[in-house]
Amino acid sequence: MRYREPQATLQAGPHAAPTIHAVITGMDTTAALGVSADGVIALCKTLVATGHHPSTRLDAYRRDMLCLRVRSIREAAGLRVGGRGVGFERDRGCAAAPPIRKSGRAGRRAAP
C-alpha cells in the first residue's frame, strides 16, 4: 500500500460543523487552507485573523495519524504552551478587552 500525504482541506458533513484538516510537517510547521505557521496554536490565530469562522474545528495530522483535535480555532487562538512546557494555558494577552469610556458624555462632569 502506497502512502499518500493528507491534504489540508475544509470538510463538512450534512449535519456536522465544518472541520479544517491541517497537516503537520517537519518539527513544528503546520499548514491548512493556504496558511502556514509554526505550530497548531499559531495556525489557529492566523486562521481567525484571516477571517475563518472562529467556531470551526481543526484536526491536525502528521502523515495519516490524527495528532490533535481542536474544538474551535477561536478557543485554540486564546491559548499558549504552558509555562513548564507541558499542556496549555490561557494567553492573557488575548483576554484583554479594548479600553472603553465610562458611561456619560465625554468631557462633562457629573453634578456633585
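Descriptive notes on the structure:
- Spans of strands (runs of 3 or more DSSP E) in the range 26-77 with at least 1 residues on the phi < 0 side of the Ramachandran plot, touching an Asp or Glu at 6+ places or on another chain (Cβ under 6 Å) and crowded, with 19+ Cβ neighbours inside 10 Å: none
- On the stretch given as the range 78-88, residues that are surrounded by fewer than 17 Cβ atoms within 10 Å (Cβ to Cβ), in a loop (DSSP other than H, G, I, E, B) and of a type outside the set (Val, Ile, Thr) total 5.
- Scanning the range 3-29 for residues that are at pLDDT 90 or above and under 17 Å from residue 74 (Cβ atoms) gives 20, 22.
The values are calculated or read from the model by the stated rules, or taken from the named source; none is laboratory data. Just so you know, these numbers come straight off a predicted model, no measurement behind them. Ideal geometry is used to build each Cβ from the backbone, glycine not excepted, and the neighbour counts take in all protein chains shown.
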